[in-house]
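Here's the structure, in structure tokens; my notes come after.
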Amino acid sequence: MTDTQYFLGRQPIVGRNRELVAYELLFRSSMANAATVLDDIGASATVIQHTFSDLGMPLALGDKQGFINLPTSLLMSDLIEALPPDRVVLEILESVTLTPDVLARCQQLREAGYALALDDVVGLSPEQQAILPLVNLVKLDMMALSQEQIADLVRDLRPHGVTLLAEKVETLEQYEFCRELGCDLFQGYFFAKPVILTGRTVPPSSLALLRLLSLIVADAEVEELEHALKQAPSLTLRLLKMVNAAAFGMKKKISTLREAIFMLGRLQLSRLVQIMLFAQQNDVAMTADPVLQTAIVRARLMEGLADALDRSALRDRAFMVGMLSLIDVVFQQSMADLLALINLEESLQSAIMRRSGQLGSLLQLVMASEAADGTELLALLPQFPQLRADQFNQLQVEALNWANHI
């Protein structure tokens, strides 16, 4: 395995109110079984070097921590101490035999300032009980336990003062059950793509944004865009604030809608409207909303891939497909109904709804990367023979960093 034959993924870890608090960093090979990347100490060293040095993952993580899986070889190696203690939580995999030597090593890491987590816990063996004083966090495997078993395990763990994280949470019922039991952190597919509910109406302010996006897509006149914005004063104020933010590099402060439209141009205005559509739906700060973060990263990465694959003519459409591919989650309505409000052209609708065409293939690739699905990546990569893994990783980190600055 060379030093470029892997892909990065990350999965959000959220708090009791579904606010984003951390990411688990996932490493998957495009050339081998997805579960074996970190089995080899050399591969582990490469991952550490590329992730925290070459790729600048701390920058891409923003102010969030990264959870890193540790096989026995990496746990016992000095290489782990190349990781910054304040940026990572070290996960001790369930495959690690908790020998006295492992416990001694965990004690050393704790003394060096590292936070430790016990992964995929389904019960408390004597060895696990012995290591509990050294760990900060215990991850409960929701898929392997019944509700009664989870409740018993939480009761047994509570006296040890560890933070409880429910992982592999796939439904709202599981989340609410574990929250009621006292779990503070949660991880799983439910938070990356929540279940779609039906019958929810789109609030008036969001309808205004959808109409505005439809006008932009239709290449409407500036007067029409300005008129549409004036129908939603609160959104107008938010837009002006975002336009004047340093992240967009504006040297001159903007005070009117017309100035904003001209200075931004339709492309940037379209992007801001798409981001505002997501941010409008809840009271959680934008940087703490895992769905919004996923959508922004997805959009930016698809745009970057379009450039890297010499398909720059598709870059604007690629951004929109990535961003709007989660709009059904945000509004909890059917994708077809929402896209009809925007009046997207058929090729974009097909890419989002059926993963068809060049943009649909790009969307599939990005989604497989998000989930660190090595099998899916392996199946999709032949469609992009000119794409190198290290190039993809760099584009992904750039997208993560860009999302943190929006």
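The values are calculated or read from the model by the stated rules, or taken from the named source; none is laboratory data. In this text the structure is predicted, and so the values were computed from the model without any measurement. Every residue, glycine among them, receives a Cβ derived from its backbone with ideal geometry; neighbour counts consider all protein chains shown.
Worth a mention:
- One residue stands out in region 344-360 among those that are modelled with pLDDT of 85 or more and in a loop (DSSP other than H, G, I, E, B): the one that is farthest from Val297 (Cα to Cα), namely Ser356.
- Residues of region 178-221 classified as modelled with pLDDT of 70 or more and farther than 20 Å from Met320 by Cβ, total: 15
- Restricting Ala104, Ala117 to residues that are assigned by TED's automatic domain parsing to the domain that holds Tyr23, on the phi < 0 side of the Ramachandran plot and under 29 Å from the mean Cα position of the chain (by Cα) narrows the list to Ala117.
- Scanning region 379-397 finds no residues that are closer than 24 Å to Leu207 by Cβ, modelled with pLDDT under 85 and assigned to a loop (DSSP other than H, G, I, E, B).
- Count of region 305-337 residues which are more than 23 Å from the chain's Cα centre (by Cα) and closer than 22 Å to Asp289 by Cα: 0
- Count of residues meeting criterion [surrounded by fewer than 19 Cβ atoms within 10 Å (Cβ to Cβ), closer than 17 Å to Asp184 by Cβ and without any contact (Cβ under 8 Å) to a residue 40 or more places away in the chain] in region 117-140: 1
- Residue match in region 361-369 (condition: at pLDDT 85 or above and over 19 Å from the mean Cα position of the chain (by Cα)): yes
- Any hit, region 95-103, residues being more than 21 Å from Val138 (Cβ to Cβ) and not in a loop (DSSP other than H, G, I, E, B): yes
- Close contacts from region 148-174, counting a first residue that is under 19 Å from Val89 (Cα atoms) and a second that is surrounded by fewer than 17 Cβ atoms within 10 Å (Cβ to Cβ) and among the polar types (S, T, N, Q), with Cβ to Cβ under 6 Å and a gap of 6+ residues or different chains, come to none at all.
- Every listed requirement among (1) surrounded by fewer than 22 Cβ atoms within 10 Å (Cβ to Cβ); (2) small (Gly, Ala, Ser); (3) at pLDDT below 75; (4) closer than 23 Å to Ala208 by Cα is met by Gly265 save one, (3).
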